[in-house]
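A quick write-up on the structure given underneath.
The values are calculated or read from the model by the stated rules, or taken from the named source; none is laboratory data. The shown structure was predicted, so the numbers you read here are calculated from the model rather than taken from an experiment. Reconstructed Cβ throughout: ideal geometry from the backbone, glycine too, with neighbour counts over all protein chains shown. Accessible surface is based on the protein model in full, side chains and every heavy atom, while ligands, DNA and RNA are left aside. Shrake-Rupley method; radii C 1.70, N 1.55, O 1.52, S 1.80 Å.
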Amino acid sequence: MEAKINQALALLKQALQEHGDRLVYPCSMGIEGSVMVDLICRHGLNIPVMTLDTGRLPQATYDVIAAFEKRYGIRVAVTFPDSHEVEAMVREHGVNLFRKSVALRKHCCEIRKVHPLMRALQGKSAWLTGRRHEQSKGRAGLQEVETDPVYNLKKYNPLLNWSMDEVLEYIRTYDVPYNILHDAHYHSIGCECCTRAITVGEDERAGRWWWENDDVAAECGLHVMSIKQVTGKIENGEGI
Ligand code: SF4
């Protein structure tokens, strides 16, 4: 565990040294996000934490944002989708458009996630993620440092080699606030309507957009290009 922590810290410090105030951590508020926020704050790393509020998040996610702010004395920069874009989308396709087709699900992710993230990343040269190899087949070959061609930014993945057991051990050891949905077998947490608990033997990300395609780990478009580069596969979220 100590070796994994030191490795992650070294990469965080490298990212900070290379990018300074042009580095940001867009936090998903999942369990890996808890480790990342704790590492950043516990070690006094001056890296802003932001998150996307899609308007469809579970209450447990808002609770963990508030818990981070209380514990670490930070303010998480919450970024929202453009209200006009959301209104136009819902008027045309309905409130639950993501159930109607993969194309509409991608469209919803684009409006509620990708566009706000692109806005939040303006002026930045690098971002951090909490992705791990173990989470899905699509993430198994990712590198610690990548260049993301979609956003034209460096992307650092400090937890890439951590197992779920190591993540949980860290949370327990340092008593880190975490999303309580993880206690109900939610491993990858996104919007409330697009996330379910997983069962034994499933990919950790099998609870996301599960109705689409069980064979390919779906992505929302935020990380999709780098996964495609590694796997050569067309992911469910591609093209967003
Ligand atoms: S996860 Fe679901 S509700 Fe959230 S932005 Fe994507 S399609 Fe829309």
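Could you tell me the extents of the chain's C-alpha atoms along the three principal axes, largest first, rounded to whole Å?
49, 41, 36
Under a point-charge model restricted to the Cβ atoms of Lys and Arg (+1) and Asp and Glu (-1), what is the dipole moment magnitude of the chain relative to its Cα centre, in debye to the nearest 20?
On the way: 29 positive and 32 negative charges, 91 e Å.
That gives a dipole near 440 debye.
Of W210, W162, which has the most accessible area with a 1.4 Å probe, and how do the rest follow in descending order?
W210, W162
State the antiparallel share, in %, of DSSP beta bridges confined to the chain, rounding to the nearest 5.
35 percent
Got a number for the accessible area of H182? Probe 1.4 Å, square angstrom, nearest 10.
Spelled out: H182, probe radius 1.4 Å, area about 30 Å².
Note down the accessible area of D183, probe 1.4 Å, to the nearest 10 Å².
100 Å²
With unit charges on the beta carbons (Lys and Arg positive, Asp and Glu negative) and the dipole taken about the Cα centre of the stretch 2-180, which residue among L12, H84, Q143 sits farthest to the positive side?
Farthest along the dipole direction, towards plus: H84.
Straight-line reach from K13: which lysines fall under 22 Å, measuring Cα to Cα and dropping same-chain residues less than 8 apart?
Cα-Cα hits under 22 Å: K4, K124, K154, K155.
Label-point separation (nm) for V90 and E169, each offset 7 Å from Cα along Cα-to-Cβ?
It is 4.5 nm.
Counting only protein heavy atoms and using a 1.4 Å probe, what share of the accessible area of the chain belongs to carbon plus sulfur, as a whole percent? Could the numbers behind the result be given before it?
Details: 5430 of 10890 Å².
Summing carbon and sulfur atoms, their accessible area is 50 percent of the total for the chain.
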